[in-house]
1. Let me check against my output: what whole-number percent is the relative contact order of the range 261-344, with C-alpha pairs under 8 Å and at least 6 apart?
2. Counting each pair of different Cα atoms once, what's the Kirkwood radius of the range 261-344 in Å, rounded to one decimal?
3. On alpha carbon coordinates alone, what is the Rg over Rh value for the range 60-178, Rh being the Kirkwood radius?
4. With a sphere of radius 9 Å drawn around the Cβ of MET136, what net charge do the other residues whose Cβ falls strictly inside it have (Lys, Arg +1; Asp, Glu -1)?
5. Hey, fewest Cβ within 10 Å first, where do VAL80, VAL42 land in order?
6. Could you put LYS210, LYS121, LYS172 in order, starting from the residue whose Cβ has the fewest other Cβ atoms within 10 Å?
Amino acid sequence: MSSSRNFRWAVAGVLAALAVAAAAQGTNRFPGIGRDATPKEVKAWDIDVRPDFKGLPEGSGSVRQGMQVWEAKCASCHGVFGEANEVFSPLVGGTTADDIKTGHAARLKDPGFPGRTTLMKTATLSTLWDYINRAMPWNAPKTLSTEEVYAVTAYLLNLGEIVPEDFTLSDKNMAQVQARLPNRNGMSSAHALWPGKEFQAGAKPDVQAKACMSNCAPAPQVRSALPDHASNNHGNLAQQNRPVGAQHGIETDGGASRKAQPAPAATQVPTALLEKNACIACHGMEQKIVGPAFKDIAGKFGGQTDYLVGKIKSGSTGVWGSIPMPPQPQLSDDDARIIANWLAGNKKP
């Protein structure tokens with residue numbers, strides 16, 4: 001018994017010594033490996049804006065400026081008036097002047113109203129500004145300047161009749177505009193999930209973390225799917241997601257997209273460029289998605305490389321319908337010509 005007790009004490013002593021050594025090593029991080037991030041590097045990532053507008057950069061943008069940015073970079077996906085198109089959900093609609101007064105979007109509780117637009121659901125203006133800043137436009141996230149983000153947000157708010165046409169949104173008046181958001185009172189912070197006591201003092205979690213392990217029902221398998229004849233109607237869903245985030249579309253073309261696709265012309269498909277610049281988010285090889293199929297573009301503008309370069313770089317509208325194609329400023333002239341040559345059918349890039 002005595003020797004067993006001594007052995008346990010010896011093991012405990014060794015473990016304590018190891019714990020102290022590990023703690024000491026932790027204070028030194030990993031000597032010789034890596035470095036501390038510079039202030040500029042931290043600032044580049046620390047861009048979130050809180051509901052109390054902490055983190056909001058200085059700047060401003062008018063509704064009129066926002067309309068110009070919107071038509072160039074946003075309307076192709078979200079519509080000229082925020083009505084969106086057949087791929088994306090509407091941003092504007094479903095709110096009234098009474099909602100602006102009460103802060104509750106009444107139609108959220110109306111079973112007869114089919115849609116749930118962004119302005120119906122959003123409770124904090126910081127969410128709108130922050131998302132536009134970090135994720136838009138679809139094909140070139142984080143390329144909008146601070147002034148452009150303010151301007152686009154102002155234009156979107158004007159479409160929802162929250163601010164007038166001559167309004168200029170800035171970091172100085174964001175709080176006043178927040179007080180006019182149609183669903184600003186539609187979110188509760190009494191669940192202790194909100195950051196910091198300054199938002200909800202004394203709140204307690206609405207769950208107690210007590211696991212129930214008896215009478216467990218089988219886990220339901222819920223899946224929504226289109227019938228086979230319609231699943232690929234708008235192109236392969238797996239190719240219509242950006243290469244970031246947790247959600248990815250399923251293969252709806254029977255795996256054909258993973259096979260060798262015939263190029264619209266005689267040259268090899270510049271797949272890497274099409275994926276890098278999110279071209280396949282709006283264009284399918286043989287089917288229209290948001291914009292026309294590459295096959296149709298090649299058939300209409302074969303041999304017209306210079307014309308296609310201009311349209312790719314500066315954008316286009318009215319050629320294939322009412323949905324405009326935004327300019328592609330991030331695309332270099334050389335890369336634009338490679339894509340244009342492929343579409344035009346020229347054998348040499």
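1. Values: 113 pairs, mean separation 28.6, N = 84.
Rounded, it is 34 percent for the range 261-344.
2. On the way: mean 1/r = 0.0792 Å⁻¹.
Across the range 261-344, the inverse of the average 1/r is 12.6 Å.
3. Details: Rg = 13.7 Å, Rh = 14.5 Å.
Expressed as Rg/Rh, it is 0.95.
4. Numbers: positive: LYS73, ARG134, LYS142; negative: none.
Once positives and negatives cancel, what remains is +3.
5. Details: VAL80 15, VAL42 10.
Going from sparsest to densest Cβ surroundings: VAL42, VAL80.
6. Details: LYS210 5, LYS121 15, LYS172 11.
The most exposed by this proxy come first: LYS210, LYS172, LYS121.
Quick note: the coordinates plus some simple rules give every number you see, no bench work behind them. Keep in mind the model is a prediction, meaning the values are calculated, not measured. Don't worry about glycine lacking a Cβ; one is built from the backbone with ideal geometry, like all the others, and counts go over all protein chains shown.
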